[in-house]
Structures are given as C-alpha cells and as structure tokens.
Amino acid sequence: MAPKITVHWLRDSRSQRILWLLEELKLDYDIIEYNRDWQTFEIPDEGLEKGYKLKRFPMIILEDADKGFPTPTTLAESGAIFDTLINLYGSPSTLAPAWSSGLSPADAYKYAFWSHWAEGTAMFHLVVYLVLCRTPAKFGFATSWMASFVCGAIVRAYILPNLKKTFSFMEEELGDNEFFVGNKFTACDILLSVPYELLRAIPANPTVSQAEFPRLAAWFERVSTREGHVQAEKRGSKSELAPYFA
C-alpha cells in the first residue's frame with residue numbers, strides 16, 4: 001500500500017524544501033496551502049491544531065501501515081521530517097550517506113554536521129535579522145523611528161558581519177566540490193538551499209553580498225536545476241523571500 005502524505009505547506013518558506021525532498025524520493029503527496037499576511041506577518045492556522053500543537057511549518061501528515069504508521073501521524077521540524085522520510089523511503093546510496101553505505105566515516109560526519117548546521121548556525125543570524133526588520137512596525141508613530149535606529153545599528157554592527165562569516169565559511173568548505181558531502185548530491189544540499197536563498201534576499205548593503213560567494217552561486221545553480229527541484233516548484237512555487245526583510 002502506497003504511503004499517504006499530506007504536506008501543510010506555507011508559501012515562501014522552508015516548507016518548500018519538503019516538496020523538493022518528496023520529489024527526489026519519488027513519493028506522491030497532497031498539499032494544503034497556507035499564505036502569510038505580509039502586513040501583519042500572521043498565518044491563518046485553521047486545521048493545524050489537529051496536527052502540530054505549536055502550529056508551525058513545515059509539517060506533514062504521514063499514514064503508511066507497512067512502515068509502522070497505521071494511523072495519520074504528524075511529523076514536524078525540517079530535520080526530523082528529512083531523517084524520517086529518508087530512512088523510510090530512501091537509501092544510504094541516494095540522499096543520506098551512512099557509515100555502512102561505503103562512504104568514509106568522515107563523509108558520514110559531514111552529512112550530520114551540515115544537516116544540523118543548516119537549521120542551526122546558518123539560520124540564527126538570518127532569523128534575528130528578520131525579527132529586527134519587523135520590530136519597528138510594532139512601535140507607535142512617535143517611537144518607531146527610535147526602534148528603527150536601534151535595530152538598524154544592531155544589524156550593521158552585529159548581524160551583517162556575522163552573516164559574512166557564516167557564508168564565507170560555507171564558501172570555503174564547499175571549495176571546488178560540486179556538492180557539500182562526498183562530492184555527491186545529498187539531502188544536505190536541499191537543507192542548505194534555504195539559508196543561501198535568504199542571503200540572496202537580504203537588502204543590498206556594503207558588508208555582505210552574494211557576489212562574494214561565486215562557488216555557492218554555482219552550487220545553487222547546479223542543485224536548483226535538478227528535476228526534483230523543478231517539479232517541487234511546479235507543485236508549490238518559486239520562493240520569494242525578500243518580503244521577510246522588508
């Protein structure tokens with residue numbers, strides 16, 4: 001019996017990576033679409049209370065009795081969803097190198113490192129930047145200018161220099177390789193795509209620019225032309241992330 005997978009998909013978000021993974025795994029799935037209100041930054045969450053209690057994205061509902069999920073089960077958090085789907089429907093030779101897959105222990109470690117780094121170190125300063133961009137709007141007219149001044153100063157003094165360090169590290173570690181682990185495409189390349197896309201979306205500034213990272217640009221061009229990515233954009237959409245920093 002084929003698995004029944006429903007993706008609670010938020011447009012222009014990390015949810016798009018789940019569609020990409022499902023396409024790479026050649027799995028069928030349904031989509032329930034959500035759209036963020038960019039004025040309030042709120043997301044309609046009708047239906048989410050039946051799944052993940054925190055009402056966060058990405059989230060999928062999986063039902064597959066043959067794989068130990070006899071009733072619809074909520075899977076949340078990008079890394080957990082990736083690991084579960086790959087363990088159930090992938091193989092070590094495809095998206096996730098394992099110690100037993102013939103790759104070196106060093107490459108198995110690299111896979112673990114980059115999969116955690118993509119949601120941890122890579123996202124931390126980007127998320128803080130996003131929050132600071134949105135903070136002044138929470139203040140009244142009389143004080144919003146002060147909040148804007150303070151938030152802007154934090155971005156210039158702390159966030160942008162750290163983003164430069166983060167993506168310089170990523171550029172250096174990629175080196176002349178085509179992919180991040182074992183010089184072959186893995187799920188890490190999918191996970192790392194969102195931090196890089198967010199880097200491309202931040203406003204122009206004198207501290208950090210995507211032009212400084214030509215290897216990352218070539219890598220993203222390479223992975224984004226894969227059939228799995230192309231089909232995921234057809235099912236979902238091409239992510240427009242600039243509004244996060246507006």
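The values are calculated or read from the model by the stated rules, or taken from the named source; none is laboratory data. None of the values given here were measured: they were computed from a predicted structure. Neighbour counts run over all protein chains shown; Cβ positions are idealised from the backbone, glycine included.
Identification of helices (runs of 4 or more DSSP H) wholly contained in the stretch 150-246 with 1 or more residues that are surrounded by fewer than 20 Cβ atoms within 10 Å (Cβ to Cβ) and in contact (Cβ under 8 Å) with a residue 12 or more places away in the chain yields 160-174, 193-201, 214-224, 227-235. Residues in the stretch 16-26 that are out of contact with any Gly (no Cβ under 7 Å at 6 or more places or on another chain) and at pLDDT below 95: Lys26 alone. Of the conditions (1) outside any helix (DSSP H, G or I); (2) at pLDDT 95 or above; (3) out of contact with any strand residue (DSSP E or B) (no Cβ under 6 Å at 6 or more places or on another chain), Glu63 clears all except one; give me its number. All conditions are met except number (3).
Here's a check for you: in the stretch 68-99, which residue that is of a type in the set (S, T, N, Q) and part of a loop (DSSP other than H, G, I, E, B) is modelled with the lowest pLDDT? That would be Ser93. Contact map, the stretch 44-67: first residue assigned by TED's automatic domain parsing to the domain that holds Gly79 and farther than 18 Å from Asp28 by Cβ, second residue modelled with pLDDT of 70 or more and polar (S, T, N, Q), Cβ cut-off under 6 Å, separation 6 or more or different chains; pairs are Gly51/Thr74; Tyr52/Thr74; Phe57/Ser13; Phe57/Ser15. If you check Ala147 against the conditions, is it crowded, with 16+ Cβ neighbours inside 10 Å and closer than 21 Å to Ala246 by Cβ? Yes: the conditions hold for Ala147.
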